[in-house]
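What follows is a single structure, written as structure tokens, with notes after it.
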Amino acid sequence: MRLVWQLVAVVAVSFLGHQAVTAVQGNPWLTLVAGVATAALAVLVYGWVVRRTEHRAPVEVALRGAAPAVGWGTLIGVALFGLVIASIAVLGGYTVHGLGTPMGAVGLVGGMAAVAVTEELLFRGVLFRVVEGWTGTWIALTLTGVLFGLLHLVNPNASLWGAIAIAIEAGGMLTAAYVATRRLWVPIGLHLGWNVAGSAIFSTEVSGNNTPQGLLDATTSGPTLLTGGAFGPEGSLFSLVFCVLVAAVFMRLAYRRGHVVPRRRAARSDAAATLST
């Protein structure tokens, strides 16, 4: 039941936060406040429900070292998306026409903060962490990555290729970042930086969503495999290649730190927990 209660708690905050952000989306500053408040509340509720259901301290969201971890993750996310855009631009698929809407970018940061935090708590904090205890790291990474990709099929301009790309890119890279650190802060930062870069800075579609214009007035054009098409640059082959490379670096670090859980050990741990209850 811990899985159910934790999912219900975080989903409830995510739903209420989405309603709040939607209600004030015409005001960039209120949208920023609503998004950041949703992110903070989601972390608090996650910590509370983990304490109640697992009777332990939620070390994966411990505040010590959180700020630098989120900061570094955000910088990596922005730089990685910037590398994707630069690669697309070199081949003529991304064109900047001038300055976009700076105030629109402010609101987008708030909305993306809420999305990044709640999705990481759900997929890495709850689903991956619990499933890993049953199956081991690699099977859990695969299963939750596929589920993450399928979730994005409900987005307005979704496509099967986009869902596959998201499953590999985000499902792999963000989970690998969690496995390497055993904290949620770096994957939260990565997720935030990637989404903020795509929407608030480069003004592209994000996972099939037509987000408002950000800092740049820009357009993408060209083959879907190059630009990602209506799904956005996450559907570009450049995103796929770069994110897989970053995921490989994180997994190598995870192995060096002894953070990868083999299937047999996971099964024994789950059996021991069952017997103890």
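Please treat every number below as a calculation from the coordinates, not as lab data. A quick note: this is a predicted structure, and the numbers were derived from the prediction, not measured. Cβ sites come from the backbone with ideal geometry, for glycine too, and all protein chains shown count toward neighbours.
Using Cα atoms only, what is the angle between the long axis of helix 2-23 and the major principal axis of the chain, expressed in degrees (0 to 90) to the nearest 10? Tilt relative to the chain: about 20 degrees. For the chain, a Gaussian network of Cα nodes joined below 10 Å ranks Leu32, Leu99, Leu253 by mean-square fluctuation, and the top entry is Leu99.
Nearest 10 degrees, 0 to 90: what angle lies between the long axis of helix 66-90 and the longest principal axis of the chain (Cα atoms)? On a 0 to 90 degree scale, this one is about 40. In plain terms, the residue of Thr101, Thr220 with the fewest other Cβ atoms within 10 Å comes first and the most crowded comes last, giving Thr101, Thr220.
When only C-alpha pairs under 8 Å and at least 6 residues apart count, what is the relative contact order of region 65-195, in percent? Relative contact order here is 47 percent. For the chain, averaging the sequence separation of C-alpha pairs within contact (under 8 Å, six or more residues apart) and dividing by the residue count gives a relative contact order of 25 percent. What longest range of the chain stays clear of loop-exposed trypsin sites (Lys or Arg not before Pro) (DSSP non-H/G/I/E/B, at most 15 other C-beta within 10 angstrom)? The reported range is 65-181.
Okay, helix-only estimate at 222 nm for the chain: each DSSP H run of n ≥ 4 adds -39500 (n - 2.57), divide by all residues, round to 500 deg cm²/dmol; what do you get?
-22500 deg cm²/dmol
As a calculated quantity, the FRET efficiency between Arg2 and Leu160 at R0 = 41 Å, using C-beta atoms, amounts to about 0.80. Shape annotation for the chain: C-alpha extents along the principal axes are 63, 37, 33 Å, from largest to smallest. A Förster radius of 25 Å, combined with the Cβ-Cβ distance separating Ala67 from Ala12, puts the computed FRET efficiency at roughly 0.40.
Could you let me know the centre-to-centre spacing of region 29-99 and region 132-182, using Cα atoms, in angstrom? So the two Cα centres are separated by 16 Å.
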